[in-house]
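Trainee: Take a look at this one; I'll ask things after.
The values are calculated or read from the model by the stated rules, or taken from the named source; none is laboratory data. Since the model is a prediction, treat every value here as computed from it, not as a measurement. Glycine also receives a Cβ, built like all others from the backbone with ideal geometry; neighbour counts cover every protein chain displayed.
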Amino acid sequence: MRTISEAIFFVDENDHIGFCNPQFGELTGIQPSEVMYQPADVLLHLLANSADDPGYVAAQLQTAQTIASRPNVHTDEYPIVDVRLADQDRTISIEFVKIEGLDSGKLNWAGLIRDSAQSPRDEATRALLQEIIADHIRMPYAQVRTQIGMLAEQHGGFSHRERDRLLHELEHNFDNFGQLWLNFLDMVNVEMGGVILNRELVDIAGIVQRVVNSRAFYPYHRVLRIDIRPQLTQIKGDEYRLERAIANVLYVVVNLVSEEAIITVRAEQRGNETALIFADLPGKVALELQDLLGGLRQADGQISPYSFALYMSRELINRHGGHIYLDQDSNGYYAVISLPTTGISLPQPTQPKVTAVEPQAAAAAAVAAESPSRGVGTRAPSRGLNCIMVIEGRSTLARELSAGLGDLDYELITYRVPEDAIRDVNATRLDLIVVDTSLRDMNGVDVTAKLRARTETPIILVADKASETEKVRGLNAGADDYIARPISSEEMMARVNTIFKRLHITDRAREPLQVGDLYVDFARREVFLANKPLELTRIEYDLLHILVTNRGQVLTHKQLLEKVWGPEYENETQYLWVNISRLRKKLE
């Protein structure tokens, strides 16, 4: 969001401002905090008052809002209002776009704000962005809202299995919505203002491992085999955008293959290029990929989520001087992301024409699916821990912790609006999240639960005062630690350092362990129960690791606390009770 030049704001179904990106304040001179969660009329009033002709602009904005909120409005009717800012001697253009909600009688709308001196008047691009917003982001948004409504209104009548199924569907739809939203932001960046790459030395093996280990790809671990050497030459590129491109390609591939297939992801050095290969593609999947790679729009003229994802991956890889293409060898078809190692753009590759489903490729995939072996990915070298999100409230202890972290030269990203922090938690790589329990707008424990649903980044709850019950609630919500007074500055920083040390612990060089129906892959930190993957938090995995590697031995509470949390936690038995209870439920 911070790399695009346009400002974006969204109005929810209750006609309140639900979102403003950082560029909003820069282009309008209005701070997002002045309008967030306020009626849309407040924003329109402030915009009109900033113009050199407030009365005329107010009327124009009101008319535009009425049109954007009207049912059955066509995309070519979306209004644009030019506002000349009185105190800045420049003009901004505000484009109103309708977004349908769940109820046709309740309509959302959004605004795109551009500096008229910089905005390209490309009607085709405008229409494309409007189509993406109005048609493609709306649907997964509606699905998520529907399922949230069902859970809120009918959860008491659901069985455990029904509730579990609905929660999994909700998470899946939320992930799809997130993918579409991130791709939309990339498209705005590419089509409207170009991409400014933040080039640095990038470890492709590390990016792949991070993508595969992310929460969104957890359900697909059984169809993926990662075979990447850590000795790959590093390339110069924008790590965030390369991660987005690789995640998009992997997202499309795993959604196209059947559950019986296994896709191998490997990487090779080929002269002046690094090739990331998605091998063992069934012929039918290769045919679909060939169609999807043909362009943003498919043969029927529509934009599918898959073609949209691959289009953005191609654009981002092309801007690195690389390509995405299909190829084949004696083993069948495979997709390739090629990136230059020298900084010089690679020539366009020759792509084979996929004309039929190759039976030998399907057979090879079936054999691989029956094989009991599991691919072992290589863990990327750890990077320096430096980026911390702080969600501030009224706690003085939280401010002391922030000051201490700042003195140690950590990069702090501070938020005072919890919803903004929840929204941005995956916008950049974070090493730690500090949540003040004394927030103004939300409960700190609820914020922690929402953050934990979106990220595995360690979370510390901080309070000036907390009871044992409050600490247990915070830990149950997903916090890795709960810090409260009385506590010294030294102990507070020691607890932070303990969490950071856990991130650096290397996996044991040992073979996977099978205990009954439980299978633990230490190298990949993966756990399966009766051949089904178990989703464990970092603490739960560390506890299980200690227990299974010391099976047959008696471990005291103190020993477990010291091994998993550290010596300073030897008396914090509530940490152990909470996490042992959660682990036991997952193993039942």
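Trainee: If the requirement is being aromatic (Phe, Trp, Tyr) and in contact with a helix residue (DSSP H, G or I) (Cβ under 9 Å, 6 or more places away or on another chain), which of these qualifies: Tyr251, Tyr325?
Mentor: Sole residue among the options that is aromatic (Phe, Trp, Tyr) and in contact with a helix residue (DSSP H, G or I) (Cβ under 9 Å, 6 or more places away or on another chain): Tyr251.
Trainee: Which of the residues that make up region 371-404 are within 26 Å of Val202 (Cα to Cα) and either among the basic types (Lys, Arg) or at pLDDT 85 or above (or both)?
Mentor: Once the filter is applied, which keeps residues that are within 26 Å of Val202 (Cα to Cα) and either among the basic types (Lys, Arg) or at pLDDT 85 or above (or both), region 371-404 yields Arg379, Arg383, Ile388, Met389.
Trainee: Being surrounded by 19 or more Cβ atoms within 10 Å (Cβ to Cβ) and of a type in the set (Asp, Glu) is true for just one of Asp424, Asp436. Which residue is that? Give the steps one after another, and end with the answer.
Mentor: Values: Asp424 fails: surrounded by 19 or more Cβ atoms within 10 Å (Cβ to Cβ).
Of Asp424, Asp436, the one residue that is surrounded by 19 or more Cβ atoms within 10 Å (Cβ to Cβ) and of a type in the set (Asp, Glu) is Asp436.
Trainee: Looking at Asp441, Asp407, Asp464, which is the one that is farther than 17 Å from Ile388 by Cα and modelled with pLDDT under 85?
Mentor: The match here is Asp441.
Trainee: Using beta carbons and a limit of 7 Å, which pairs, at least six apart or on different chains, have the first residue in region 36-56 and in the same structural domain as Asn21 (by TED's automatic domain parsing) and the second one in a loop (DSSP other than H, G, I, E, B)?
Mentor: Hits for this filter: Met36/Val417; Pro39/Asp15; Ala40/Asp15; Leu46/Ile30; Ser50/Gly29; Ser50/Ala86; Ala51/Ala86; Asp52/Ala86.
Trainee: Name, by its number, the condition in (1) in contact with a strand residue (DSSP E or B) (Cβ under 8 Å, 6 or more places away or on another chain); (2) of a type in the set (A, V, I, L, M, F, W, C); (3) at pLDDT 80 or above; (4) not assigned by TED's automatic domain parsing to the domain that holds Gln269 that does not hold for Ile422.
Mentor: In the conditions (1) in contact with a strand residue (DSSP E or B) (Cβ under 8 Å, 6 or more places away or on another chain); (2) of a type in the set (A, V, I, L, M, F, W, C); (3) at pLDDT 80 or above; (4) not assigned by TED's automatic domain parsing to the domain that holds Gln269, Ile422 misses (1) alone.
Trainee: Quick one: which helices (runs of 4 or more DSSP H) lie wholly within region 17-68 and hold at least 1 residues that are within 17 Å of Asp424 (Cβ to Cβ)? Steps first, please.
Mentor: Values: elements: 23-28, 32-35, 40-49, 54-68.
Helices (runs of 4 or more DSSP H) meeting the threshold: 23-28, 32-35.
Trainee: While we're here: So Glu260 passes all but one of these: (1) touching a helix residue (DSSP H, G or I) at 6+ places or on another chain (Cβ under 6 Å); (2) of a type outside the set (A, V, I, L, M); (3) buried (at least 19 other Cβ atoms within 10 Å of the Cβ). Which condition number does it fail?
Mentor: (3)
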